[in-house]
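Working notes for the structure below.
Each reported figure results from applying straightforward, stated rules to the coordinates on display, with no laboratory input. What you see is a predicted model, and the numbers here were worked out from it, not measured in a lab. Quick reminder, even Gly has a Cβ in these numbers, built from the backbone with ideal geometry, and neighbours come from all protein chains shown.
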Amino acid sequence: GESVGLHLPTLSVQEGDNSIINCAYSNSASDYFIWYKQESGKGPQFIIDIRSNMDKRQGQRVTVLLNKTVKHLSLQIAATQPGDSAVYFCAETLNTGGFKTIFGAGTRLFVKA
Amino acid sequence: NAGVTQTPKFQVLKTGQSMTLQCAQDMNHEYMSWYRQDPGMGLRLIHYSVGAGITDQGEVPNGYNVSRSTTEDFPLRLLSAAPSQTSVYFCASSYPTGGEGEQFFGPGTRLTVL
């Protein structure tokens, strides 16, 4: 498959460890945030979302934390597995008369077996 | 359901040529959008639509046109291709029109403009 994100920041973790991927978003008016996972040659896949009136949300093996004071979003993956290796994007949605979803630059997660 | 489908998967154009990238979804989603993804960058929103007959510009709309005559289809037209439009193009759809909810992405179209 094609390779995207050749120059992305990379996080390398050992299988079984927890991973934390960070994201700084740009607009304090954003009211909805999403994390996506993208494997090579595929489109992004939804992982978890959070509204701006929350500061934490948990899914299966994943947790998203939102700190609006510093405009920071993080994705925590518990017990990271080789199948988690991918590029991870945070995205924010803001209403500027229309609804626009803006993606961050992405982080490549590499899981060592 | 096929989900979101895109055609073609690959395309090579010469500078100045025009073409249409096709996108269709069978989930009855109101919200559809087009993104481009360049190496080392995230996805950038080109155009989006909150329903049939309604379209709006995203972050990088110049050089692209869209229309939404049906709920299912959202084609992206390149009017006069330029090398700067070499990229991978993704179409996405979601049910809520308020910018919330999971967006389902197609497999992408890799476009090269010579």
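Below is a table of values for the structure above.
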read-out	value
Viscosity 1.306 mPa s, 10 °C: Kirkwood-radius Stokes-Einstein D of the protein assembly as shown over Cα pairs, µm²/s	88 µm²/s
Pair A:Q81, A:T69: separation of 7 Å Cα→Cβ label points (nm)	3.6 nm
By average C-beta atoms within 10 angstrom, highest first, the peptides B:39-46, A:19-26	B:39-46, A:19-26
Relative contact order of chain B, pairs being alpha-carbon contacts under 8 Å that are 6 or more residues apart, as %	36 percent
DSSP beta bridge pairing in chain B, given as percent antiparallel to the nearest 5	90 percent
Greater than 25 Å apart at Cα, pairs in A:K112/B:K9; A:K71/B:K9; A:K37/A:K71; A:K42/A:K68; A:K68/A:K100; A:K100/B:K14	A:K112/B:K9; A:K71/B:K9; A:K42/A:K68; A:K100/B:K14
Dipole of region A:1-105 [Lys/Arg +1, Asp/Glu -1 at C-beta], most positive-end residue of A:N53, A:I34, A:V13	A:N53
Where only C-alpha atoms are counted, convex hull volume of region B:16-83 per residue in Å³	89 Å³
Relative contact order of chain A, pairs being alpha-carbon contacts under 8 Å that are 6 or more residues apart, as %	36 percent
Cβ-placed point charges (K, R +1; D, E -1), dipole of the protein assembly as shown about Cα centre in debye, nearest 20	400 debye
Cα gyration tensor shape for region A:1-108, rounded if a/c is under 1.5, else prolate or oblate	oblate
Within chain A: Cβ-based charge dipole about Cα centre, in debye rounded to nearest 20 (Lys, Arg +1; Asp, Glu -1)	180 debye
Dipole in debye (nearest 20) - region B:1-103, about Cα centre, beta carbon charges: Lys, Arg +1; Asp, Glu -1	480 debye
Segment A:E39-A:E15, length gained on full extension (0.36 nm per residue, minus Cα span)	6.9 nm
Residue-span extension gain [B:T70 to B:T112] - 0.36 nm each, minus C-alpha spacing	12.3 nm
Residue-span extension gain [A:K112 to A:N53] - 0.36 nm each, minus C-alpha spacing	17.7 nm
Inter-chain Cβ neighbour average for residues A:25-33, partner chain, 10 Å	1
Bridge type composition, the protein assembly as shown - antiparallel percent by DSSP, nearest 5	90 percent
